[in-house]
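Read through the structure below, which is laid out as structure tokens, and then see the notes.
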Protein chains: 2
Amino acid sequence: MKTIQSDNYPIYFDNSLSELAAFVEQGHYSRFFILTDENTAKYCLPLIKGRFAGMDNFDIIEINSGEESKDIDFCIGIWKMLIDFGADRQSLLINLGGGVISDMGGFVASTFKRGIDFVHVPTTLLSQVDASVGGKTGIDIDRIKNIIGTFTQPKAVFIAYELLKTLPKRQILSGLAEMLKHGLIVDAAYWDALKSSDLSMPSAELIYRSIEIKNKVVIADPTEKGLRKSLNFGHTVGHAVETNSLLRDDNPLTHGEAIAIGMICEAYLSHKKTGLSADELAEIVKVIGGLYPKYHIQDDSHQALCSLMLKDKKNQNGKINCTLLPRIGECQLDNICTEEELCDSLGYYASL
Amino acid sequence: MKTIQSDNYPIYFDNSLSELAAFVEQGHYSRFFILTDENTAKYCLPLIKGRFAGMDNFDIIEINSGEESKDIDFCIGIWKMLIDFGADRQSLLINLGGGVISDMGGFVASTFKRGIDFVHVPTTLLSQVDASVGGKTGIDIDRIKNIIGTFTQPKAVFIAYELLKTLPKRQILSGLAEMLKHGLIVDAAYWDALKSSDLSMPSAELIYRSIEIKNKVVIADPTEKGLRKSLNFGHTVGHAVETNSLLRDDNPLTHGEAIAIGMICEAYLSHKKTGLSADELAEIVKVIGGLYPKYHIQDDSHQALCSLMLKDKKNQNGKINCTLLPRIGECQLDNICTEEELCDSLGYYASL
């Protein structure tokens, strides 16, 4: 698989950990910082650390895993550690982890001393196909996801398929939701390829194609003025369901599980509003419903979910804005949906 | 005086408050937020507020005045207010105030929902000639100035000379230090013009020329890779003296007072290291020393000052990096100075 060229930075696939080592050696950086969490520190860091053997100018910053760590308070903690470690503007931050690490590490780096370089080494399927490509950084405040962030590109992304082998099945499924979305919004052939594959562990080739799709979209529209909104399919409802679950559930939904629910709800809205056929709706429900466990959304949550949707970044003038599908492999941006329609779609999901 | 065109945004001088009103009316923004402090709310807001008469989609966010308000905690407070007010991506933030307001407001806006538009209406001489032009945003952590920030341009800057008339003399002098610096680093004729003017209240024409100089420098080098470092003359020592004074003094130095000290120290270093003549050093000391009160730097502060200088963003590899002058009107970038040299320059200032 070839290196994908994104907006001024490369996305490496083959021998990507060797490419990382070469990047570090050639980069003329004064200092290196590896941002990691306790899981990636255990399973992935050993694979990376050997590459830095003999170097004394790198430090490791370890945070707790989980979305809670993406709060501004933890972000301040990392900034303070960089200050204490004496990081200067020629430092490089290596984000080794899932979406929390790449989103927050990207934000920390893009704002520390008005911006230092950073690279991503995504260690989950979700972060490989989603968070690590596209130049969005973000942190949460009061559990509102990515409410604070920047559009800043990494200097490089290193996709290492071997890192996925230690992941539990639930984490693989979480990333798979975004891959399914890539097919649904712009590439019916890719959707068909996914449908007919063994999805318990997607092949490197399928991951590569998913990143190619996402990369094409974000290069065409880096700051989300147009086409990039296509990536929001499933995310208006999905983000609200995810936030609500983080607030209420002892064992909260993964991002992908929430987006799977969001895609079913928004496919239903697509059927109602943008002409998605009943057959295609049924196909989407069958494929996605077959992969993810059914989740019970309590009736008294509907109001809370709508209020979360109203806080979504994509809205304008207090109206809820959705990306919908006229058919599989095609999307239509900027559909205003009422609270009633969104509640109706949650009811549809519950009825399945 | 003509409108100055900066990096994709205009800097208005003539009838600038009317230009602001026109900008607001034509901007297709969904919502307007005015960030202000208790001083500008009292003296300047009434002049602006009338322009919004009849509009119901604007809100005022008032913070305490003073550098302490630039801390990340206050920044979080503003982000939360924007969330609570329902600010969306089509909102405009109007920064009405001095450097704290423009630096922090710029940072808040550049990161809220990954960036909303903002404009500056600088109300102090310092922010007119310095903070409002150049696209630097910043906030403090643990009193380390502007340690977190972005390079983000405002959509427009509105320079209203009439706002300066309510300022105390000490605030005028604070801004004057940056004007003097502009002459020293790149424009000997402008330095001469300043020298021979009544500097108790610089003319609109002198302010205009100062902004022209700063604008030329920042357009040539927006992200401080080269020429822009010229603006750091006086700031390596000056920032440390300012931070130290904020920590220790009941009535701390203004930014300009600290930079005045920094310019004298760094002129001395320029004499020692980059060939500034004894006559020109004496001239700089005479002009600056005649404008600003003498400040007593305690001997036991030298170590603390050097340690603050080592944390400066401009450093690389733990070496202190200064911009110095070979002669008045010309500067030389990237001079490494030892702690000993910097202590020596503080001793020179004390000996005057």
Helix B:16-26 vs. chain B, principal-axis angle (Cα, 0 to 90°, nearest 10): 40 degrees
Relative contact order as a percentage, segment A:4-166, C-alpha pairs under 8 Å and 6+ apart, gives 27 percent
Relative to chain A, whose Cα atoms define the longest principal axis, helix A:169-186 and its Cα axis are tilted in degrees, nearest 10, by 70 degrees
Where labels lie 7 Å past Cα in the beta-carbon direction, separation of residue A:225 and residue A:344 in nm: 3.4 nm
Check: in segment A:4-166 the Lys pairs 8 or more apart or on separate chains whose Cα atoms fall under 26 Å apart number 25
Does anyone have the angle between helix A:235-248 and the longest principal axis of chain A? Alpha-carbon axes, 0 to 90°, nearest 10? 70 degrees
The alpha-carbon center of segment A:210-276 and that of segment A:302-328 are separated, in whole Å, by 10 Å
With both partners inside segment A:4-166, how many of the DSSP beta bridges are antiparallel, as a percent to the nearest 5? 20 percent
On average, how many beta carbons from a partner chain sit within 10 Å of the beta carbon of a residue in B:153-162? 0
Within chain A, longest stretch clear of exposed trypsin sites (Lys or Arg not before Pro) (DSSP loop, no more than 13 other Cβ within 10 Å): A:3-224
How high is the relative contact order of segment A:169-351? Use alpha-carbon pairs under 8 Å, at least six apart in sequence, and give a whole percent. 28 percent
What does the charge add up to near residue B:98, with Lys and Arg as +1, Asp and Glu as -1, over the other residues with Cβ less than 13 Å from its Cβ? -4
Which FRET efficiency value, to the nearest 0.05, is calculated for residue A:28 and residue A:51 with the Förster distance at 22 angstrom and r the Cβ-Cβ distance? 0.80
Could you work out the local net charge near residue B:188, counting Lys and Arg as +1, Asp and Glu as -1, over the other residues with Cβ closer than 12 Å to its Cβ? -3
Choose one answer from B:30, B:16, B:230: the residue with the largest mean-square fluctuation in a GNM of chain B with alpha-carbon springs under 10 Å. B:30
Mind telling me which of B:239, B:302, B:182 comes out most flexible in a GNM of chain B, alpha-carbon contacts under 10 Å? B:302
Within the protein assembly as shown, helix-based [θ] at 222 nm, where runs of 4 or more DSSP H residues each add -39,500 (n - 2.57), nearest 500: -14000 deg cm²/dmol
Accessible area per residue, 1.4 Å probe, Å², for the protein assembly as shown: what's the number? 37 Å²
To check you understand DSSP bridge types, tell me what percent of the beta bridges within the protein assembly as shown (both residues inside) are antiparallel, rounded to 5. 35 percent
How far apart are the residue A:303 label points across copies, placing each 7 Å from Cα toward Cβ, in nm, shortest first? 6.3
Long-range HN-HN contacts of residue B:63 with modeled amide H, under 5 Å: B:36, B:37, B:38
Put a point 7 Å out from Cα along the line to Cβ at residue B:60; what are the distances to that point in the other copies, in nm, shortest first? 5.4
Quick one: with label points 7 Å out along Cα→Cβ, list the inter-copy distances for residue B:203 in nm, shortest first? 7.8
With springs connecting C-alpha atoms under 10 Å apart, model chain A as a Gaussian network and identify which of A:146, A:251, A:321 has the largest mean-square fluctuation. A:251
Give the long-range amide H neighbours of residue A:329: residues separated by 5 or more places, or on another chain, with amide H under 5 Å away, using H modelled in the peptide plane at 1.01 Å from N. A:185, A:186, A:187
In Hz, Karplus ³J(HN,Hα) per residue of segment A:202-210 (6.51, -1.76, 1.60; θ = phi - 60°; x = Gly, Pro): x, 6, 4, 4, 5, 5, 4, 5, 4
Starting from the amide H of residue A:113, placed 1.01 Å from N in the peptide plane, find each other amide H under 5 Å away whose residue is 5 or more places distant or on another chain. B:148, B:149
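The values are calculated or read from the model by the stated rules, or taken from the named source; none is laboratory data. Here the structure is a predicted model, which means the values were calculated and not measured. Heads up, the Cβs are rebuilt from the backbone with ideal geometry, glycines too, and the neighbour counts pull from every protein chain shown. Protein only, heavy atoms only, side chains kept; ligands, DNA and RNA dropped before computing areas. Shrake-Rupley method; radii C 1.70, N 1.55, O 1.52, S 1.80 Å.
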